[in-house]
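The values are calculated or read from the model by the stated rules, or taken from the named source; none is laboratory data. It should be emphasised that the depicted structure is a prediction, and the values quoted were computed from it without experimental measurement. Using ideal geometry, Cβ is built from the backbone for each residue, glycine included, and neighbour counts are taken over all protein chains shown. Note: accessible area is taken over every heavy atom of the protein model, side chains too, but ligands, DNA and RNA are not part of it. Shrake-Rupley method; radii C 1.70, N 1.55, O 1.52, S 1.80 Å.
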Amino acid sequence: MDNLERIALLAEMLEVEEEELTKDTMLEDIETWDSVAAISLLALMDEKFDKRLSGTEIKAFKTIGDILKVMV
Amino acid sequence: MAKGLLKHIVIKGMACAVPKKRVFASDYYESLGQDIVDKFVSMAGVKERYVGEGKVISSDLCYAAAEKLFSEFGFDRSSIDALIFVTQTPDYRLPATACVLQYRLKLPTDCMALDVNLGCSGYVYGLHLAASYLQGGNIKRVLLLVGDSNLLSSPEDKSQAMMFGDAGSATIIDRDENAGDMEFLFSTDGSGYKHLVVPCGGFRHREGNNERTDRGDGIIRSDFETHMDGTEIFNFTISQVPKALKAFFEYHKTGPETYDLFILHQANLFMLNYIAKKSKIPVEKLPISLDRYGNTSSASIPVTICDYMPHSGVDKVYKLAMAGFGVGLSLGIVSMEIDKNVCLPIFAANEIFEDGLL
């Protein structure tokens with residue numbers, strides 16, 4: 001999976017246009033990045049990458065790029 | 001390996017009682033803020049539930065459900081050989097509340113009675129335990145009471161305040177040589193004990209801080225109230241429950257198509273939909289009760305059955321797969337047949353037992 005596909009998954013999850021997200025986009029600037037999105041991210045990580053993120057890891061994310069890094 | 005088959009088991013009656021007081025998620029608009037409430041409802045799915053507020057408690061609700069079974073189906077009280085009470089909110093530290101219930105229900109003194117301390121997985125454990133008793137042939141009828149009162153969550157913990165509802169259930173299970181099998185699979189991961197725990201009030205920590213303090217993330221609770229690591233519980237559920245269902249299907253050589261309905265512990269709507277999708281369970285096979293009853297802990301499976309059957313069930317014997325999962329961390333899957341006509345509609349109960357102790 002390349003970064004474009006990863007961004008597409010995150011854009012769908014956050015209900016924003018793909019063009020609005022770059023690896024430097026700050027999560028605090030995305031209105032839909034909230035506790036509901038965090039749950040959706042846990043499900044996405046499980047479904048697509050068979051990976052479990054901890055609450056601590058999620059809290060440490062500052063940018064879209066931080067999330068892209070774990071999507072492997 | 002805790003998986004296999006138990007034979008000759010039939011459910012002859014099932015009833016559920018809830019307290020009279022109904023609360024709505026919207027009641028919290030002022031205290032928690034509309035935004036927070038609406039987000040919670042969209043994710044967790046709980047719009048309303050019933051609460052006993054510490055007056056009518058688990059044993060009272062289970063008592064009412066059992067009395068309903070006696071009055072509707074005319075079961076002979078003296079035919080009960082064993083009473084199992086599954087709860088994490090018993091009346092006392094001791095004696096076992098099951099003994100008090102034997103007395104309240106006027107069951108014969110030559111019957112067994114015991115409490116089982118499990119939550120989310122409690123009903124399936126209770127069914128399996130009852131069925132195990134029935135294998136020998138000497139115990140012919142078990143009364144299984146399963147229920148919980150939501151008195152351990154802090155009302156100032158925004159992740160829990162609107163989630164849990166109170167309910168009590170009663171199920172009569174018989175041995176019947178002509179009845180079908182119970183398929184089962186259980187698993188336990190105690191390394192997750194910290195993720196859903198009431199730290200103080202047991203005997204590990206009898207003392208603690210009774211005052212509510214800010215734990216961050218909108219959680220204000222005392223050491224005597226439930227700590228729930230939502231992320232860990234969610235991760236456990238979305239990965240382990242589909243895995244367990246897959247192992248269950250493989251062991252019993254069945255699949256989602258084998259069962260008429262899947263009755264899952266009603267923890268969280270997003271979680272349930274995700275488990276169903278991952279396990280290829282069609283959404284029409286997944287009844288939901290948590291929108292109107294909340295997460296009723298150990299009682300959520302019988303609540304969902306008694307919610308579904310009288311209103312949406314057809315006149316037939318259903319093959320149900322039931323899965324309870326959560327606190328422990330504990331997980332159990334049990335399948336058996338249930339006749340729609342033995343499931344009574346959920347009703348409200350208000351009778352409180354006067355124990356004469358204080």
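What to note about this one:
- Given (1) open to solvent by 40 Å² or more (accessible area, probe 1.4 Å); (2) farther than 13 Å from residue B:163 by Cβ; (3) in contact with a helix residue (DSSP H, G or I) (Cβ under 7 Å, 6 or more places away or on another chain), index of the condition residue B:28 fails: (2)
- Criterion violated by residue B:231 - all others in (1) closer than 30 Å to residue B:246 by Cα; (2) in a loop (DSSP other than H, G, I, E, B); (3) without any contact (Cβ under 8 Å) to a residue 24 or more places away in the chain satisfied: (2)
- Looking only at segment B:202-219, and only at residues there that are open to solvent by less than 70 Å² (accessible area, probe 1.4 Å) and modelled with pLDDT of 95 or more, the one that is farthest from residue B:150 (Cα to Cα): B:213
- Odd one out for residue B:320 among (1) crowded, with 17+ Cβ neighbours inside 10 Å; (2) in contact with a strand residue (DSSP E or B) (Cβ under 8 Å, 6 or more places away or on another chain); (3) modelled with pLDDT under 95: (3)
- Listed by position, the helices (runs of 4 or more DSSP H) inside chain A whose residues that are of a type outside the set (Ser, Thr, Tyr), open to solvent by less than 50 Å² (accessible area, probe 1.4 Å) and within 14 Å of another protein chain (Cβ to nearest Cβ) number at least 2 are A:35-49, A:55-60.
- Segment B:88-139 - residue that is β-branched (Val, Ile, Thr) and in contact with an Asp or Glu (Cβ under 8 Å, 6 or more places away or on another chain) and, of those, farthest from residue B:328 (Cα to Cα): B:139
- Subset of segment A:33-67 (residues that are β-branched (Val, Ile, Thr) and either over 12 Å from the mean Cα position of the chain (by Cα) or within 27 Å of residue B:195 (Cα to Cα) (or both)): A:36, A:39, A:56, A:58, A:67
- Residue list for segment B:195-223, restricted to those being assigned to a loop (DSSP other than H, G, I, E, B) and under 22 Å from the mean Cα position of the chain (by Cα): B:198, B:199, B:202
- Helices (runs of 4 or more DSSP H) enclosed by segment B:22-135 - at least 1 residues per element that are aliphatic (A, V, I, L, M) and within 14 Å of chain A (Cβ to nearest Cβ): B:29-32, B:34-44
- For segment B:242-263, the tally of residues that are within 22 Å of the chain's Cα centre (by Cα) and not aromatic (Phe, Trp, Tyr) stands at 7.
- Criterion: in contact with a strand residue (DSSP E or B) (Cβ under 8 Å, 6 or more places away or on another chain), touching a residue at least 24 places away in the same chain (Cβ under 8 Å) and closer than 23 Å to residue B:117 by Cβ - qualifying residue of B:248, B:325, B:262: B:325
- Residue count for segment B:220-274, restricted to those that are open to solvent by less than 20 Å² (accessible area, probe 1.4 Å), more than 13 Å from chain A (Cβ to nearest Cβ) and aliphatic (A, V, I, L, M): 5.
- Every residue from segment B:332-349 that is of a type in the set (Val, Ile, Thr) and over 16 Å from the mean Cα position of the chain (by Cα): B:338, B:342
- Filter result for residue B:192 (open to solvent by less than 50 Å² (accessible area, probe 1.4 Å), at pLDDT 95 or above, under 21 Å from residue B:267 (Cβ atoms) and not in a strand (DSSP E or B)): yes
- A residue that is open to solvent by 60 Å² or more (accessible area, probe 1.4 Å) and either without any contact (Cβ under 8 Å) to a residue 40 or more places away in the chain or not in a loop (DSSP other than H, G, I, E, B) (or both) occurs nowhere in segment B:328-336.
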